[in-house]
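The next block holds one structure in the form of structure tokens; read it before the comments.
The values are calculated or read from the model by the stated rules, or taken from the named source; none is laboratory data. Everything numeric in this text was worked out from a predicted model, so none of it was measured. Please note: Cβ atoms are built from the backbone with ideal geometry, for glycine as well, and neighbour counts cover all protein chains shown. These area figures cover heavy atoms from the full protein model, side chains too; ligands, DNA and RNA do not enter into them. Shrake-Rupley method; radii C 1.70, N 1.55, O 1.52, S 1.80 Å.
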Amino acid sequence: MDERQLRILRELGELGSVTAVAEALLVTPSAISQQLRLLQRSIPVPLTERQGRRLVLTDAGQALADAAVEVESALARARHAVEEFVGRPDGEVSVAAFHSAGAAFFPLLLRGLAGPDAPTVALADEDVPQEDFPRLTRAYDLVLAHRLDHAPPWPRTVTVTTLLHEPLDVAMPAGHPLAAKRRVTPRDVADLPWITVHDGFPVLATIEAIAAAAGRRLHLAHRINEFAVVAEAVAAGGGIALMPRWTMRPHPALVLRPLSGVQATRHIDVLCRPERTARKAVRTVLTELRRAARTIQGEVAP
């Protein structure tokens, strides 16, 4: 049995005929009769009987119709509770981000949502391979993810909001010979030791593209995912590395140089399940993330 069938039974008890129920519910009498037959299949005793030309409720049918009133009332309360939850401007919104995005976005998000009646954010860092970001939407309302320009798009099962198209530059010590150049090429950097991410993480595809453009394999001296740690390793002379232009805080001992000849840009996107944005609180946090993205890009723009 379902809610619609119970309502038809209730209306039949009150209105006294299939025709009257059909008129009240704006459907055909045959549609009402069909639903009554489907309901009867799930009940072991008769719910209706004929009294002349009229179809009336049996005692069992009337008992079920009375219970239907309680069911409709409970469903109405449930719908109201959901509507209140969906429409609340506050409430908790869970947000996950990979490390460099978390470092850049989380402080701005916390400050931007510090006012009264604002959502409460529950923040988490998630450092996962690119293909695992969509799965995180099961556990979090919003997931900040990254992928390279030429990488496959996110699956259609998630809603995608792009926050930034962020260039990846070559980081090197300020005193490095290549620091005198305004831009560097794959041949400039091909023979130097590199610090890069572990297999499966987006930046590695750009490292492979540099090697292809230079026509030789790169020496991957160190594998470190966290850009803050990478920056310290570069500053200490451990090698050069690809670093995000906007979401990493400038390091006083490093310089960043754009890379020519290779597409080195990443998308920073927000992924979520479509139904999550039905909540006003989630939409508010998403708007704040867009505002934070403009701030992050504007802080470093010339």
Can you give the angle from 0 to 90° between the axis of helix 29-41 and the longest principal axis of the chain, with both taken from C-alpha atoms, to the nearest 10? 80
Heavy atoms of D149: accessible area, 1.4 Å probe, square angstrom to 10: 50
Area accessible to solvent at V203, 1.4 Å probe radius, in Å²: 10
Would you rank V285, V71 by solvent-accessible area, highest first, keeping every protein chain in place and using a 1.4 Å probe? V71, V285
Prolate/oblate/rounded label for segment 166-264 (Cα gyration tensor, a/c 1.5): rounded
Please give the solvent-accessible surface of V158 in Å², to the nearest 10, using a probe radius of 1.4 Å with every protein chain present. 10
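Before I look further, what does the chain give for accessible area per residue, probe 1.4 Å, in whole square angstrom? Don't jump to the answer; show the numbers that get you there.
Working: 15680 Å² over 302 residues.
Value returned for the chain: 52 Å² of accessible area per residue.
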How big is the Rg/Rh ratio for segment 3-86, C-alpha atoms only, Rh by Kirkwood, two decimals? 1.03
How much of the DSSP bridge set in segment 122-278 is antiparallel, in percent, rounded to the nearest 5? 75
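Assign unit charges at the C-beta atoms only (+1 for Lys and Arg, -1 for Asp and Glu), then state the dipole size of segment 162-207 relative to its Cα centre in Debye, rounded to the nearest 20.
Details: 4 positive and 5 negative charges, 50 e Å.
In total the dipole reaches around 240 debye.
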When the charge dipole of the chain is computed with +1 on Lys and Arg Cβ and -1 on Asp and Glu Cβ about the Cα centre, the Cα farthest towards its positive end, among A60, P44, F105, belongs to F105
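Given a 1.4 Å probe and every protein chain left where it sits, what share in percent of the accessible area of segment 3-86 is carbon and sulfur?
On the way: 2880 of 5350 Å².
Percent of accessible area from carbon and sulfur atoms in segment 3-86: 54.
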Counting only residues 5 or more places away or on other chains, whose amide H sits under 5 Å from the amide H of V262 once H atoms are built in the peptide plane? none
For Cα Rg over 2.2 N^0.38 Å, which listed value, (1) 1.36; (2) 1.58; (3) 0.96, comes from the coordinates shown? (2)
Helix 3-15 versus the longest principal axis of the chain: what angle, 0 to 90°, nearest 10, using Cα atoms? 30
In a Gaussian network model over the chain where Cα atoms closer than 10 Å are linked, find which of L286, L163, L55 has the largest mean-square fluctuation. L55
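Could you work out the relative contact order of the chain, using alpha carbon pairs under 8 angstrom and six or more residues apart, expressed as a whole percent?
Working: 499 pairs, mean separation 67.5, N = 302.
Relative contact order, the chain: 22 percent.
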Helix 99-112 against the longest principal axis of the chain: what's the angle in degrees, Cα atoms only, rounded to the nearest 10? 60
Non-local amide H neighbours of G91 (under 5 Å, H modeled in plane, Pro and chain starts lacking H): which ones? T120
Sort S73, S94 by heavy-atom solvent-accessible area, probe 1.4 angstrom, most to least. S73, S94
Quick calc, segment 206-302, dipole around Cα centre from Cβ unit charges on Lys, Arg (+) and Asp, Glu (-), nearest 20 debye, gives 380
So what are the ³J(HN,Hα) numbers for segment 139-155, from phi and the Karplus equation (6.51, -1.76, 1.60; θ = phi - 60°), rounded to whole Hz, Gly and Pro as x? 9, 10, 5, 10, 10, 7, 10, 9, 8, 7, 3, 8, 6, x, x, 5, x
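Run through the DSSP bridge list for the chain and note the antiparallel percent, rounded to the nearest 5.
Expressed as a percentage, antiparallel bridges in the chain total about 60.
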Which listed residue (V270, L26, A236) has the Cα farthest towards the positive end of the charge dipole for the chain, taking +1 on Lys and Arg C-beta and -1 on Asp and Glu C-beta about the Cα centre? A236
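Could you give the size of the charge dipole of segment 166-264 about its Cα centre, using +1 on the Cβ of each K and R and -1 on the Cβ of each D and E, expressed in debye and rounded to the nearest 20?
Numbers: 10 positive and 8 negative charges, 68 e Å.
Roughly 320 debye for segment 166-264.
Heavy atoms only, probe 1.4 Å: what % of the accessible area of segment 166-264 goes to carbon and sulfur, would you let me know?
55
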Name the longest site-free stretch of the chain, where the excluded sites are trypsin sites (Lys or Arg not before Pro) in a DSSP loop with no more than 10 other beta-carbon atoms within 10 Å. 54-155
